[in-house]
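Notes to accompany the following structure.
The values are calculated or read from the model by the stated rules, or taken from the named source; none is laboratory data. All values derive from a computational prediction rather than experimental measurement. Glycine gets a Cβ as well: all are built from the backbone with ideal geometry, and neighbour counts include every protein chain shown. Just the protein is used for accessible areas: all its heavy atoms, side chains included, with ligands, DNA and RNA removed. Shrake-Rupley method; radii C 1.70, N 1.55, O 1.52, S 1.80 Å.
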Amino acid sequence: SSSESISVPMIPLGLKETKELDLLVPLKDLISEHYGEEGVLFEKEIKEFMELRQAMRTPSRNEAGLELLMEYYNQLYFLDSRFFPPTKSLGVFFHWYDSLTGVPSHQRALAFEKGSVLFNIGALHTQIGARQDRASLPGLNQAIDAFQKAAGAFNYLKENFSNAPSLDMSTASLNMLVRLMVAQVQECVFEKMTLLRAQHNFLARLQLAQEAARVEDVYSLVHQTMTQAHVKDYVPFSWTTMVHVKSEHFKALSHYFAAIALCDCPVASDAELPEQEKAFIQFHVTMPEGPSLRVLLQDPEERRKLGKAHLKKAIMKHEEAMRIHGLCKILRKMDILQEVLSFAHKRSLSKYSEIDHEEDFFETGDAPDIHPKTHQKPEIKSPNFSQVKVTDLFHRLGPLSVFSAKNKWYPARRVHLMRGENGFGFTLRGDSPVLIAGVIPGGCAAEAGLKEGDYIISVNGKDCKWSKHAEVVQLLKSTGEEGVEIGVITLQGSEGPKAADKKAVGMSSGSGMLKSNKENSRKSLMNSKSASTLLVWSKKSKRSKKSTYGIPFTAVGDNEAMY
(Lines give C-alpha, C1' and ligand atoms only; values in the text may rest on other atoms or scores of the structure.)
Protein backbone atom coordinates (compact mmCIF):
# COMPACT_ATOMS: atom_id res chain seq x y z
CA SER A 1 0.00 0.00 0.00
CA SER A 2 1.30 3.39 -0.95
CA SER A 3 0.73 5.01 2.43
CA GLU A 4 2.95 2.52 4.20
CA SER A 5 5.97 3.77 2.29
CA ILE A 6 5.28 7.43 3.08
CA SER A 7 7.88 8.65 5.54
CA VAL A 8 6.74 10.63 8.54
CA PRO A 9 8.57 13.99 8.55
CA MET A 10 11.62 14.40 10.80
CA ILE A 11 12.60 17.50 12.79
CA PRO A 12 15.60 19.41 11.36
CA LEU A 13 17.28 22.37 13.08
CA GLY A 14 17.98 25.79 11.61
CA LEU A 15 21.58 27.06 11.66
CA LYS A 16 22.69 29.76 14.06
CA GLU A 17 23.41 33.00 12.21
CA THR A 18 26.27 35.37 12.94
CA LYS A 19 27.32 38.91 12.10
CA GLU A 20 30.28 39.79 9.93
CA LEU A 21 33.54 40.21 11.79
CA ASP A 22 36.44 42.51 10.91
CA LEU A 23 39.69 41.20 12.38
CA LEU A 24 42.10 43.14 10.20
CA VAL A 25 43.08 45.86 12.67
CA PRO A 26 43.04 43.85 15.93
CA LEU A 27 45.19 41.07 14.48
CA LYS A 28 47.64 43.46 12.77
CA ASP A 29 48.03 45.31 16.08
CA LEU A 30 48.67 42.12 18.00
CA ILE A 31 51.22 40.91 15.46
CA SER A 32 53.14 44.19 15.85
CA GLU A 33 52.88 44.34 19.64
CA HIS A 34 53.29 40.70 20.59
CA TYR A 35 55.34 39.20 17.78
CA GLY A 36 57.41 42.25 16.93
CA GLU A 37 56.67 41.73 13.23
CA GLU A 38 55.09 44.19 10.85
CA GLY A 39 51.35 43.57 10.94
CA VAL A 40 50.89 44.86 7.40
CA LEU A 41 52.96 41.91 6.11
CA PHE A 42 50.25 39.52 7.35
CA GLU A 43 47.25 41.19 5.70
CA LYS A 44 46.95 38.38 3.15
CA GLU A 45 46.64 35.71 5.89
CA ILE A 46 44.17 37.77 7.94
CA LYS A 47 41.98 38.36 4.88
CA GLU A 48 42.11 34.67 4.02
CA PHE A 49 40.89 33.81 7.52
CA MET A 50 38.09 36.38 7.27
CA GLU A 51 37.01 34.97 3.90
CA LEU A 52 36.84 31.49 5.41
CA ARG A 53 34.64 32.85 8.22
CA GLN A 54 32.42 34.61 5.71
CA ALA A 55 31.97 31.39 3.69
CA MET A 56 31.24 29.41 6.87
CA ARG A 57 28.19 31.61 7.58
CA THR A 58 26.24 30.04 4.69
CA PRO A 59 27.42 26.46 4.19
CA SER A 60 25.81 24.31 1.50
CA ARG A 61 23.49 21.60 2.87
CA ASN A 62 25.79 18.69 2.02
CA GLU A 63 29.15 17.07 2.75
CA ALA A 64 31.02 20.10 1.35
CA GLY A 65 29.19 22.39 3.80
CA LEU A 66 30.16 20.12 6.70
CA GLU A 67 33.80 20.16 5.59
CA LEU A 68 33.75 23.95 5.42
CA LEU A 69 32.45 24.21 9.01
CA MET A 70 35.03 21.65 10.18
CA GLU A 71 37.82 23.53 8.42
CA TYR A 72 36.85 26.77 10.12
CA TYR A 73 36.48 25.02 13.50
CA ASN A 74 39.99 23.54 13.15
CA GLN A 75 41.41 26.90 12.08
CA LEU A 76 40.06 28.42 15.33
CA TYR A 77 42.52 26.26 17.26
CA PHE A 78 45.40 28.13 15.60
CA LEU A 79 43.71 31.50 15.99
CA ASP A 80 43.29 30.80 19.70
CA SER A 81 46.92 29.74 20.19
CA ARG A 82 48.31 32.66 18.21
CA PHE A 83 46.14 35.61 19.17
CA PHE A 84 44.30 35.04 22.43
CA PRO A 85 46.69 35.66 25.31
CA PRO A 86 45.43 34.39 28.67
CA THR A 87 45.70 37.78 30.32
CA LYS A 88 44.41 40.13 27.68
CA SER A 89 41.30 40.32 25.52
CA LEU A 90 41.56 40.88 21.79
CA GLY A 91 38.69 43.35 22.14
CA VAL A 92 36.59 41.63 19.48
CA PHE A 93 33.00 40.52 20.10
CA PHE A 94 31.56 37.40 18.49
CA HIS A 95 27.83 37.86 17.74
CA TRP A 96 25.55 34.85 17.24
CA TYR A 97 21.78 34.44 17.11
CA ASP A 98 19.83 31.68 18.86
CA SER A 99 18.87 28.90 16.45
CA LEU A 100 15.25 28.65 17.67
CA THR A 101 14.36 32.14 18.86
CA GLY A 102 16.73 34.39 16.92
CA VAL A 103 17.71 36.16 20.18
CA PRO A 104 21.20 37.72 19.77
CA SER A 105 24.12 37.02 22.13
CA HIS A 106 27.69 38.23 22.04
CA GLN A 107 30.92 37.41 23.83
CA ARG A 108 34.61 38.09 23.64
CA ALA A 109 35.43 34.46 24.40
CA LEU A 110 36.60 32.52 21.38
CA ALA A 111 34.96 29.49 22.99
CA PHE A 112 31.57 31.02 22.12
CA GLU A 113 32.57 31.18 18.45
CA LYS A 114 33.87 27.62 18.60
CA GLY A 115 30.76 26.30 20.35
CA SER A 116 28.44 28.04 17.87
CA VAL A 117 30.27 26.50 14.89
CA LEU A 118 30.02 23.09 16.55
CA PHE A 119 26.27 23.64 17.05
CA ASN A 120 25.96 24.40 13.32
CA ILE A 121 27.83 21.19 12.45
CA GLY A 122 25.15 19.32 14.42
CA ALA A 123 22.31 21.36 12.89
CA LEU A 124 23.62 20.76 9.35
CA HIS A 125 23.66 17.00 10.01
CA THR A 126 19.98 17.20 11.06
CA GLN A 127 19.10 18.95 7.79
CA ILE A 128 20.98 16.36 5.74
CA GLY A 129 19.23 13.57 7.68
CA ALA A 130 15.76 15.09 7.21
CA ARG A 131 16.32 15.46 3.45
CA GLN A 132 17.02 11.78 2.74
CA ASP A 133 14.55 9.62 0.84
CA ARG A 134 13.70 7.12 3.56
CA ALA A 135 11.65 4.87 1.27
CA SER A 136 14.93 3.31 0.10
CA LEU A 137 17.59 1.46 2.05
CA PRO A 138 20.52 3.75 1.08
CA GLY A 139 18.43 6.79 2.03
CA LEU A 140 17.59 5.25 5.41
CA ASN A 141 21.22 4.40 6.13
CA GLN A 142 22.29 7.95 5.26
CA ALA A 143 19.56 9.38 7.51
CA ILE A 144 20.67 7.12 10.38
CA ASP A 145 24.29 8.20 9.91
CA ALA A 146 23.37 11.91 9.77
CA PHE A 147 21.18 11.84 12.91
CA GLN A 148 23.84 9.85 14.80
CA LYS A 149 26.46 12.44 13.88
CA ALA A 150 24.10 15.27 14.88
CA ALA A 151 23.62 13.59 18.28
CA GLY A 152 27.42 13.32 18.55
CA ALA A 153 28.00 17.01 17.81
CA PHE A 154 25.39 18.18 20.36
CA ASN A 155 26.72 15.74 22.93
CA TYR A 156 30.32 16.91 22.40
CA LEU A 157 29.15 20.50 22.79
CA LYS A 158 27.30 19.63 26.00
CA GLU A 159 30.32 17.87 27.50
CA ASN A 160 33.01 20.35 26.53
CA PHE A 161 31.47 23.83 26.71
CA SER A 162 29.45 25.39 29.48
CA ASN A 163 27.93 28.74 30.50
CA ALA A 164 26.77 29.47 26.97
CA PRO A 165 25.03 32.85 26.75
CA SER A 166 22.34 31.51 24.40
CA LEU A 167 19.58 29.06 25.30
CA ASP A 168 20.10 26.71 22.35
CA MET A 169 23.52 25.83 23.79
CA SER A 170 22.39 25.34 27.40
CA THR A 171 22.88 21.90 28.93
CA ALA A 172 19.10 21.34 29.14
CA SER A 173 18.55 22.18 25.44
CA LEU A 174 21.50 20.12 24.24
CA ASN A 175 20.35 17.18 26.33
CA MET A 176 16.94 17.44 24.67
CA LEU A 177 18.50 17.67 21.19
CA VAL A 178 20.70 14.60 21.75
CA ARG A 179 17.62 12.62 22.82
CA LEU A 180 15.58 13.90 19.88
CA MET A 181 18.29 12.79 17.43
CA VAL A 182 18.54 9.36 19.07
CA ALA A 183 14.75 8.99 18.74
CA GLN A 184 14.90 9.94 15.04
CA VAL A 185 17.61 7.30 14.53
CA GLN A 186 15.42 4.73 16.29
CA GLU A 187 12.50 5.65 14.03
CA CYS A 188 14.70 5.11 10.95
CA VAL A 189 15.75 1.71 12.35
CA PHE A 190 12.06 0.74 12.57
CA GLU A 191 11.48 1.92 8.99
CA LYS A 192 14.51 -0.09 7.90
CA MET A 193 13.02 -3.20 9.48
CA THR A 194 9.68 -2.75 7.72
CA LEU A 195 11.59 -2.38 4.46
CA LEU A 196 13.82 -5.43 5.00
CA ARG A 197 11.29 -7.80 6.56
CA ALA A 198 9.36 -8.84 3.52
CA GLN A 199 8.55 -12.24 5.08
CA HIS A 200 5.41 -12.17 7.17
CA ASN A 201 6.13 -14.90 9.68
CA PHE A 202 5.16 -14.82 13.34
CA LEU A 203 8.63 -13.99 14.75
CA ALA A 204 9.28 -11.20 12.23
CA ARG A 205 6.03 -9.50 13.23
CA LEU A 206 6.77 -9.84 16.94
CA GLN A 207 10.10 -8.17 16.24
CA LEU A 208 8.40 -5.32 14.39
CA ALA A 209 6.03 -4.82 17.32
CA GLN A 210 9.00 -4.65 19.72
CA GLU A 211 10.86 -2.22 17.45
CA ALA A 212 7.78 0.03 17.37
CA ALA A 213 7.55 -0.16 21.17
CA ARG A 214 11.21 0.90 21.34
CA VAL A 215 10.51 3.96 19.13
CA GLU A 216 7.56 4.84 21.38
CA ASP A 217 9.84 4.52 24.39
CA VAL A 218 12.49 6.95 23.12
CA TYR A 219 9.94 9.50 21.89
CA SER A 220 8.23 9.41 25.31
CA LEU A 221 11.59 10.27 26.87
CA VAL A 222 12.05 13.17 24.43
CA HIS A 223 8.54 14.41 25.19
CA GLN A 224 9.31 14.27 28.91
CA THR A 225 12.54 16.24 28.34
CA MET A 226 10.74 18.83 26.21
CA THR A 227 8.12 19.49 28.87
CA GLN A 228 10.66 20.17 31.65
CA ALA A 229 10.85 23.59 33.24
CA HIS A 230 13.93 25.01 31.46
CA VAL A 231 12.99 23.72 28.04
CA LYS A 232 9.18 23.91 27.90
CA ASP A 233 8.76 27.60 27.05
CA TYR A 234 11.67 27.51 24.65
CA VAL A 235 10.94 24.53 22.39
CA PRO A 236 8.43 25.23 19.58
CA PHE A 237 4.97 23.86 20.33
CA SER A 238 4.97 22.06 16.96
CA TRP A 239 8.07 20.06 18.03
CA THR A 240 6.60 19.04 21.37
CA THR A 241 3.33 18.05 19.67
CA MET A 242 5.09 16.13 16.88
CA VAL A 243 7.11 14.14 19.43
CA HIS A 244 3.97 13.43 21.47
CA VAL A 245 2.08 12.34 18.34
CA LYS A 246 4.92 10.01 17.37
CA SER A 247 5.07 8.35 20.79
CA GLU A 248 1.31 7.58 20.63
CA HIS A 249 1.50 6.54 16.95
CA PHE A 250 4.31 4.03 17.55
CA LYS A 251 2.58 2.64 20.63
CA ALA A 252 -0.45 2.01 18.40
CA LEU A 253 1.77 0.33 15.80
CA SER A 254 3.34 -1.96 18.40
CA HIS A 255 -0.14 -3.25 19.37
CA TYR A 256 -1.17 -3.50 15.71
CA PHE A 257 1.81 -5.70 14.77
CA ALA A 258 1.23 -7.84 17.87
CA ALA A 259 -2.36 -8.43 16.70
CA ILE A 260 -1.23 -9.21 13.14
CA ALA A 261 1.30 -11.76 14.46
CA LEU A 262 -1.43 -13.49 16.47
CA CYS A 263 -4.25 -13.34 13.90
CA ASP A 264 -2.62 -13.53 10.47
CA CYS A 265 0.11 -16.09 11.10
CA PRO A 266 -0.57 -19.82 11.05
CA VAL A 267 -0.72 -21.56 14.40
CA ALA A 268 2.66 -22.89 15.59
CA SER A 269 3.55 -26.43 14.56
CA ASP A 270 5.14 -28.68 17.18
CA ALA A 271 8.56 -28.02 15.64
CA GLU A 272 8.13 -24.21 15.75
CA LEU A 273 6.59 -24.14 19.20
CA PRO A 274 9.76 -23.98 21.38
CA GLU A 275 11.19 -21.03 19.42
CA GLN A 276 7.86 -19.15 19.36
CA GLU A 277 7.31 -19.81 23.05
CA LYS A 278 10.75 -18.43 23.86
CA ALA A 279 10.10 -15.25 21.83
CA PHE A 280 6.62 -14.81 23.30
CA ILE A 281 7.77 -15.14 26.93
CA GLN A 282 9.82 -11.95 26.51
CA PHE A 283 7.29 -10.19 24.33
CA HIS A 284 4.87 -8.62 26.81
CA VAL A 285 5.77 -6.36 29.71
CA THR A 286 3.41 -8.46 31.88
CA MET A 287 2.02 -11.85 30.95
CA PRO A 288 -1.45 -11.76 29.34
CA GLU A 289 -4.28 -13.23 31.41
CA GLY A 290 -5.82 -16.50 30.31
CA PRO A 291 -4.43 -19.85 29.24
CA SER A 292 -0.82 -20.95 29.32
CA LEU A 293 1.51 -19.83 26.53
CA ARG A 294 1.54 -23.22 24.87
CA VAL A 295 -2.27 -23.35 24.70
CA LEU A 296 -2.42 -19.73 23.55
CA LEU A 297 0.04 -20.27 20.70
CA GLN A 298 -1.71 -23.41 19.44
CA ASP A 299 -5.34 -22.33 19.86
CA PRO A 300 -6.58 -20.04 17.03
CA GLU A 301 -9.53 -18.82 19.10
CA GLU A 302 -7.29 -17.78 22.03
CA ARG A 303 -4.94 -16.03 19.60
CA ARG A 304 -7.88 -14.17 18.08
CA LYS A 305 -9.05 -13.03 21.54
CA LEU A 306 -5.64 -11.62 22.51
CA GLY A 307 -5.19 -10.14 19.01
CA LYS A 308 -8.53 -8.39 19.37
CA ALA A 309 -7.43 -6.91 22.73
CA HIS A 310 -4.23 -5.61 21.08
CA LEU A 311 -6.22 -4.04 18.23
CA LYS A 312 -8.59 -2.37 20.66
CA LYS A 313 -5.59 -0.75 22.34
CA ALA A 314 -4.06 0.15 18.96
CA ILE A 315 -7.25 1.93 17.87
CA MET A 316 -7.37 3.92 21.13
CA LYS A 317 -3.77 5.01 20.63
CA HIS A 318 -4.32 5.92 16.95
CA GLU A 319 -7.23 8.10 18.01
CA GLU A 320 -5.11 9.74 20.72
CA ALA A 321 -2.35 10.46 18.18
CA MET A 322 -4.88 12.08 15.83
CA ARG A 323 -6.43 14.10 18.66
CA ILE A 324 -3.04 15.52 19.75
CA HIS A 325 -2.13 16.19 16.11
CA GLY A 326 -5.30 18.24 15.73
CA LEU A 327 -4.29 20.56 18.60
CA CYS A 328 -1.42 22.11 16.66
CA LYS A 329 -2.11 24.49 13.80
CA ILE A 330 1.30 23.95 12.18
CA LEU A 331 0.97 20.16 12.22
CA ARG A 332 -2.58 20.32 10.84
CA LYS A 333 -1.08 21.86 7.70
CA MET A 334 1.24 18.85 7.25
CA ASP A 335 -0.77 16.62 4.94
CA ILE A 336 1.81 13.83 5.00
CA LEU A 337 1.59 13.36 8.75
CA GLN A 338 -2.22 13.51 8.62
CA GLU A 339 -2.21 10.86 5.90
CA VAL A 340 0.11 8.49 7.76
CA LEU A 341 -1.94 8.73 10.97
CA SER A 342 -5.31 8.18 9.32
CA PHE A 343 -3.98 5.34 7.14
CA ALA A 344 -2.68 3.50 10.23
CA HIS A 345 -5.96 4.13 12.05
CA LYS A 346 -8.10 2.80 9.18
CA ARG A 347 -5.84 -0.23 8.82
CA SER A 348 -6.34 -1.17 12.50
CA LEU A 349 -10.10 -0.54 12.27
CA SER A 350 -10.53 -2.76 9.21
CA LYS A 351 -8.48 -5.52 10.85
CA TYR A 352 -10.66 -5.26 13.96
CA SER A 353 -13.90 -5.57 12.00
CA GLU A 354 -12.40 -8.52 10.10
CA ILE A 355 -11.68 -10.55 13.25
CA ASP A 356 -14.69 -9.36 15.26
CA HIS A 357 -17.41 -12.01 15.34
CA GLU A 358 -21.04 -11.11 15.91
CA GLU A 359 -21.35 -13.94 18.41
CA ASP A 360 -18.44 -12.65 20.58
CA PHE A 361 -19.90 -12.42 24.05
CA PHE A 362 -16.58 -12.19 25.89
CA GLU A 363 -15.50 -8.79 27.18
CA THR A 364 -12.37 -7.83 25.22
CA GLY A 365 -9.63 -7.73 27.85
CA ASP A 366 -6.88 -5.17 28.30
CA ALA A 367 -3.81 -6.19 26.31
CA PRO A 368 -0.50 -5.81 28.17
CA ASP A 369 2.08 -3.47 26.65
CA ILE A 370 4.84 -4.79 24.44
CA HIS A 371 8.37 -5.03 25.73
CA PRO A 372 10.57 -2.55 23.76
CA LYS A 373 13.54 -4.14 22.01
CA THR A 374 15.72 -3.11 19.08
CA HIS A 375 18.20 -5.00 16.92
CA GLN A 376 20.20 -1.81 16.18
CA LYS A 377 21.00 0.52 19.03
CA PRO A 378 21.61 4.14 17.99
CA GLU A 379 25.24 5.26 18.30
CA ILE A 380 26.21 8.77 19.33
CA LYS A 381 29.01 9.55 16.85
CA SER A 382 31.41 12.24 18.08
CA PRO A 383 32.73 14.66 15.47
CA ASN A 384 35.94 13.47 13.84
CA PHE A 385 37.81 16.76 13.47
CA SER A 386 40.93 15.14 12.07
CA GLN A 387 39.14 14.17 8.86
CA VAL A 388 39.54 17.74 7.63
CA LYS A 389 43.22 18.67 7.54
CA VAL A 390 44.11 22.35 7.86
CA THR A 391 47.39 24.22 7.87
CA ASP A 392 48.01 27.09 10.23
CA LEU A 393 47.36 30.22 8.17
CA PHE A 394 49.80 32.15 10.37
CA HIS A 395 52.66 29.65 10.27
CA ARG A 396 55.06 32.39 9.13
CA LEU A 397 54.99 33.70 12.70
CA GLY A 398 57.02 30.63 13.69
CA PRO A 399 56.44 27.29 15.46
CA LEU A 400 53.60 27.43 17.98
CA SER A 401 55.70 25.73 20.66
CA VAL A 402 57.45 29.09 21.11
CA PHE A 403 55.61 31.74 19.07
CA SER A 404 52.20 31.63 20.71
CA ALA A 405 49.94 34.10 22.50
CA LYS A 406 50.79 32.61 25.92
CA ASN A 407 54.56 32.99 25.60
CA LYS A 408 56.40 36.28 26.01
CA TRP A 409 59.95 36.92 24.88
CA TYR A 410 62.44 39.75 24.98
CA PRO A 411 63.06 41.63 21.72
CA ALA A 412 65.20 39.68 19.27
CA ARG A 413 68.98 40.24 19.55
CA ARG A 414 71.55 40.00 16.79
CA VAL A 415 74.84 38.53 17.90
CA HIS A 416 78.06 38.41 15.89
CA LEU A 417 80.03 35.21 16.47
CA MET A 418 83.55 34.27 15.46
CA ARG A 419 84.55 30.63 15.45
CA GLY A 420 87.29 29.92 18.02
CA GLU A 421 89.70 26.99 18.15
CA ASN A 422 87.04 24.89 19.88
CA GLY A 423 84.19 25.92 17.63
CA PHE A 424 81.55 28.44 18.69
CA GLY A 425 81.37 27.20 22.27
CA PHE A 426 77.75 26.12 22.57
CA THR A 427 75.57 23.02 22.33
CA LEU A 428 72.41 22.95 20.29
CA ARG A 429 69.33 20.82 20.68
CA GLY A 430 66.02 20.15 18.89
CA ASP A 431 64.63 21.88 15.84
CA SER A 432 62.01 24.41 14.77
CA PRO A 433 63.38 26.54 16.41
CA VAL A 434 66.80 25.24 17.45
CA LEU A 435 67.62 25.79 21.13
CA ILE A 436 70.96 26.77 22.62
CA ALA A 437 71.10 24.07 25.29
CA GLY A 438 74.39 25.08 26.89
CA VAL A 439 77.08 27.75 26.63
CA ILE A 440 80.71 26.97 27.54
CA PRO A 441 82.00 29.52 30.05
CA GLY A 442 84.70 31.66 28.47
CA GLY A 443 83.90 30.38 24.97
CA CYS A 444 83.08 32.54 21.92
CA ALA A 445 79.31 32.21 22.41
CA ALA A 446 79.50 33.24 26.05
CA GLU A 447 81.60 36.30 25.21
CA ALA A 448 79.17 37.30 22.46
CA GLY A 449 76.35 37.30 25.04
CA LEU A 450 74.50 34.14 24.03
CA LYS A 451 72.68 32.42 26.86
CA GLU A 452 71.48 28.94 27.59
CA GLY A 453 67.79 28.74 26.61
CA ASP A 454 68.07 31.18 23.69
CA TYR A 455 66.33 30.19 20.48
CA ILE A 456 68.04 30.73 17.13
CA ILE A 457 65.61 32.52 14.82
CA SER A 458 68.01 33.56 12.02
CA VAL A 459 71.53 32.89 10.71
CA ASN A 460 73.11 35.57 8.51
CA GLY A 461 69.70 37.10 7.88
CA LYS A 462 68.07 33.79 6.86
CA ASP A 463 64.91 33.05 8.87
CA CYS A 464 65.46 29.85 10.86
CA LYS A 465 62.32 29.67 13.00
CA TRP A 466 61.16 26.55 11.17
CA SER A 467 64.63 25.18 10.37
CA LYS A 468 65.67 21.69 11.33
CA HIS A 469 68.72 21.06 13.51
CA ALA A 470 70.88 19.90 10.59
CA GLU A 471 69.98 22.95 8.47
CA VAL A 472 71.07 25.38 11.21
CA VAL A 473 74.28 23.42 11.79
CA GLN A 474 74.99 23.51 8.04
CA LEU A 475 74.51 27.30 7.98
CA LEU A 476 76.85 27.73 10.96
CA LYS A 477 79.52 25.44 9.54
CA SER A 478 79.57 27.22 6.21
CA THR A 479 80.71 30.51 7.79
CA GLY A 480 84.15 31.80 6.94
CA GLU A 481 86.63 33.91 8.86
CA GLU A 482 84.31 36.91 8.86
CA GLY A 483 82.12 35.05 11.41
CA VAL A 484 78.36 34.71 11.52
CA GLU A 485 75.45 36.87 12.62
CA ILE A 486 72.88 34.97 14.66
CA GLY A 487 69.41 36.28 15.60
CA VAL A 488 68.15 34.92 18.93
CA ILE A 489 65.22 35.42 21.28
CA THR A 490 64.95 34.64 24.98
CA LEU A 491 61.62 33.66 26.46
CA GLN A 492 60.74 35.68 29.54
CA GLY A 493 61.46 33.52 32.56
CA SER A 494 58.04 33.88 34.11
CA GLU A 495 56.65 32.11 31.09
CA GLY A 496 59.05 29.16 31.16
CA PRO A 497 57.48 25.76 30.56
CA LYS A 498 56.65 25.29 34.25
CA ALA A 499 54.55 28.42 34.36
CA ALA A 500 52.99 27.71 30.99
CA ASP A 501 51.88 24.29 32.22
CA LYS A 502 50.02 25.77 35.13
CA LYS A 503 48.21 28.33 33.07
CA ALA A 504 44.47 27.77 33.33
CA VAL A 505 42.90 28.40 30.01
CA GLY A 506 39.41 29.52 30.97
CA MET A 507 38.63 31.52 27.88
CA SER A 508 36.81 34.14 29.85
CA SER A 509 37.22 37.09 32.09
CA GLY A 510 33.97 36.85 33.99
CA SER A 511 31.70 34.11 35.17
CA GLY A 512 28.96 34.85 32.67
CA MET A 513 31.25 33.95 29.78
CA LEU A 514 31.23 30.67 27.99
CA LYS A 515 34.14 28.75 29.42
CA SER A 516 35.28 25.65 27.70
CA ASN A 517 36.08 24.57 31.20
CA LYS A 518 35.93 20.86 30.75
CA GLU A 519 38.22 21.08 27.78
CA ASN A 520 40.87 22.20 30.22
CA SER A 521 41.25 18.97 32.03
CA ARG A 522 43.94 16.79 30.60
CA LYS A 523 41.95 13.79 31.76
CA SER A 524 39.01 14.45 29.51
CA LEU A 525 41.53 15.06 26.77
CA MET A 526 43.00 11.61 27.18
CA ASN A 527 39.64 9.89 27.39
CA SER A 528 38.28 11.91 24.53
CA LYS A 529 37.23 9.63 21.69
CA SER A 530 37.82 12.43 19.25
CA ALA A 531 40.80 11.60 17.14
CA SER A 532 41.89 15.15 17.33
CA THR A 533 43.41 16.06 20.62
CA LEU A 534 44.73 18.97 18.60
CA LEU A 535 41.46 20.80 19.11
CA VAL A 536 41.21 20.95 22.84
CA TRP A 537 41.43 24.49 24.12
CA SER A 538 44.18 24.13 26.63
CA LYS A 539 46.16 21.55 24.75
CA LYS A 540 49.80 22.46 25.16
CA SER A 541 51.59 22.52 21.87
CA LYS A 542 53.78 19.51 21.44
CA ARG A 543 57.42 20.27 22.15
CA SER A 544 59.86 18.54 19.94
CA LYS A 545 62.53 19.73 22.37
CA LYS A 546 62.51 18.66 25.96
CA SER A 547 64.08 21.96 26.81
CA THR A 548 64.22 22.86 30.44
CA TYR A 549 65.58 26.30 30.80
CA GLY A 550 67.81 25.94 33.80
CA ILE A 551 69.84 22.88 32.83
CA PRO A 552 73.28 23.22 34.37
CA PHE A 553 75.86 22.86 31.67
CA THR A 554 77.54 19.68 32.80
CA ALA A 555 77.37 17.19 30.00
CA VAL A 556 76.09 17.00 26.50
CA GLY A 557 72.77 15.07 26.49
CA ASP A 558 71.80 12.35 24.05
CA ASN A 559 70.26 14.55 21.41
CA GLU A 560 72.55 17.54 21.81
CA ALA A 561 75.58 18.27 19.75
CA MET A 562 78.50 20.54 20.52
CA TYR A 563 79.71 23.14 18.03
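Numbers at a glance
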quantity	calculated
Simple label model, 7 Å out from Cα along Cβ direction - Ala470 to Lys451, nm	3.3 nm
Cα-based shape type of the range 240-328, given that a ≥ b ≥ c are square roots of the gyration tensor eigenvalues and the cut on a/c is 1.5	prolate
Cα-only Debye scattering, the range 17-355: base-10 log of I(q)/I(0) at q = 0.07, 0.12, 0.16 Å⁻¹	-0.43, -0.90, -1.31
Per-residue HN-Hα couplings for the range 81-95 [Karplus 6.51, -1.76, 1.60; θ = phi - 60°; Hz; x = Gly/Pro]	5, 7, 10, 10, x, x, 9, 9, 8, 6, x, 10, 9, 9, 9
Other-chain or far-sequence residues with amide H under 5 Å of Ser458's (modelled H)	Cys464, Gly487
Distance (nanometres) between label positions extended 7 Å along Cα→Cβ at Ser342 and Met316	2.5 nm
Portion, in percent, of the accessible area of the range 12-55 that falls on carbon or sulfur, probe 1.4 Å	49 percent
Stretchable slack from Lys389 to His230, in nm (0.36 nm times residue separation minus alpha-carbon distance)	53.4 nm
Cubic angstrom per residue, convex hull over Cα atoms of the range 1-79	108 Å³
From phi via Karplus (6.51, -1.76, 1.60), per-residue ³J(HN,Hα) for the range 140-146 in Hz, x at Gly/Pro	5, 5, 5, 5, 4, 4, 5
Rg over Rh [alpha-carbon atoms, Kirkwood Rh] for the range 407-492	0.92
Per residue value of the accessible surface for the range 17-355 (all protein chains in place, 1.4 Å probe), Å²	41 Å²
Candidates per chymotrypsin sites (Phe, Trp or Tyr not before Pro) in the range 281-379, loop by DSSP, up to 12 other Cβ within 10 Å	Phe361, Phe362
The range 123-170: radius of gyration and largest Cα-Cα distance (Dmax), Å	13.3, 42
FRET efficiency, 1/(1 + (r/R0)^6) with R0 60 Å, evaluated for Lys377 and Ala412 via beta carbons	0.55
Residues Ala172 and Lys333, FRET efficiency given R0 of 35 Å [Cβ-Cβ distance, rounded to 0.05]	0.75
Accessible area of the range 407-492 divided out per residue, in Å², using a probe of 1.4 angstrom	46 Å²
Sulfur and carbon atoms: percent of accessible area, the range 407-492 [1.4 Å]	52 percent
FRET efficiency, Glu33 to Ser350 (Cβ-Cβ, R0 60 Å, nearest 0.05)	0.15
Entries in Lys19/Lys246; Lys232/Lys346; Lys158/Lys329; Lys351/Lys373 that, when Cα-Cα distance is taken, lie over 30 Å	Lys19/Lys246; Lys232/Lys346; Lys158/Lys329
Long-range HN-HN contacts of Glu452 with modeled amide H, under 5 Å	Val439
Extension gain from Arg294 to Thr87, taking 0.36 nm per residue of separation minus the Cα-Cα distance	67.0 nm
Estimated D of the range 16-168 in µm² per second, where Rh is the Kirkwood radius over Cα pairs and Stokes-Einstein applies at 20 °C, 1.002 mPa s	127 µm²/s
Largest-first principal axis extents, alpha carbons of the range 38-90, Å	38, 24, 13
In the range 413-479, GluC sites (Glu not before Pro) in a DSSP loop with at most 11 other beta-carbon atoms within 10 Å	Glu421
Computed label-point distance, nm, for sites Arg57 and Ser136 using a 7 Å Cα→Cβ extension	3.6 nm
Equivalent ellipsoid dimensions for the range 72-131 as semi-axes, Å, which come from the Cα gyration tensor, largest first	26, 15, 6
Karplus (6.51, -1.76, 1.60) ³J(HN,Hα), θ = phi - 60°, over the range 250-259, in Hz, Gly and Pro reported as x	6, 5, 4, 4, 4, 6, 4, 5, 5, 5
Under-5 Å amide H pairs with Ile370, H placed in peptide plane, nonlocal only	Val285
